[in-house]
Every structure is written in C-alpha cells, then in structure tokens.
Amino acid sequence: MGVDFERNEDTRSAELLIGTRPRAQVEGAYRRLEHEVATPGLRTAFSVGALDAYGWALGQAERAPVTGAAVDGLGGVPSSYVLTAELDAAVVQLGDPTEEAERAAHVRGVHDALAWVCGLVDDRP
C-alpha cells in the first residue's frame with residue numbers, strides 16, 4: 001500500500017511547504033546534516049536518523065524511516081497527515097524499553113527532525 005501524498009505541479013519549488021516549513025529550509029537542514037554524517041567523527045545514529053527523516057520528507061527515499069511504509073514514487077512530498085503519522089510511530093518506538101540504544105538514537109533523530117518539520121518544535125536537529 002502506498003503512502004498518501006499531496007501533489008504539487010513543481011515539487012522542487014522553494015515555496016512548497018513540507019509540513020510547516022518551506023522546502024528551502026528543509027533542504028538546508030538536509031544539506032547540513034549530510035555534511036555532518038559524511039565527516040569522520042561527527043556521524044551518529046541520531047544524525048543519520050534526522051538525515052533519513054529529512055530525505056524522506058523531501059521525497060528522496062522510497063520508504064519511511066521508522067515504519068518502512070512504501071511511497072508511490074520518488075519526488076512526492078508526504079502530506080502533513082503522513083508526516084505526523086510517521087512522527088507518531090517514532091513516539092511509539094521511543095517508548096519501547098527493549099529497543100537497542102543505537103536504534104533508539106536513530107529513531108530519536110527521526111522524531112526530532114519530523115517534529116521540527118511539522119512545526120511542533122523550533123529547534124532544528
């Protein structure tokens with residue numbers, strides 16, 4: 001089953017909102033973390049999780065970072081509903097006391113990035 005997407009004629013437009021953030025802001029956050037993850041000694045499970053979340057929100061991933069839900073094709077931007085559903089899935093996983101520390105840090109990165117994208121927090125991971 002594919003994921004619900006809001007369609008926009010130009011999904012690369014800087015004016016397009018991803019969650020509550022302009023696409024350009026999300027792309028900037030992605031580029032910053034992409035550099036961090038590629039830098040020896042700075043890569044953490046948290047930063048990889050946040051990078052995965054930003055990439056998925058930008059339509060650059062085939063699967064959602066926590067649930068693994070398939071998308072209908074690259075380039076589509078998940079709707080606010082789908083973004084918050086993935087954020088909710090991260091909250092559930094973070095509440096699992098049996099989760100391994102590295103996986104929990106990855107999910108925390110996804111959670112924090114999606115919370116920022118959805119406008120629930122002001123601090124960008």
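The values are calculated or read from the model by the stated rules, or taken from the named source; none is laboratory data. Fair warning: this is a prediction, and the values are worked out from it, not measured in the lab. Virtual Cβ from ideal backbone geometry, glycine too; neighbours counted across all protein chains shown. These accessible areas exclude ligands, DNA and RNA; they are computed on the full protein's heavy atoms, side chains included. Shrake-Rupley method; radii C 1.70, N 1.55, O 1.52, S 1.80 Å.
The criterion of at least 1 residues that are of a type outside the set (Ser, Thr, Tyr) and open to solvent by 70 Å² or more (accessible area, probe 1.4 Å) is met, among helices (runs of 4 or more DSSP H) falling completely within the range 21-125, by 23-38, 80-94, 101-117. In the range 23-51, the residues that are under 16 Å from residue 114 (Cβ atoms) reach residues that are surrounded by fewer than 21 Cβ atoms within 10 Å (Cβ to Cβ) and of a type in the set (Phe, Trp, Tyr) with C-beta atoms within less than 7 angstrom, at least six apart or across chains, in these pairs: 51/30.
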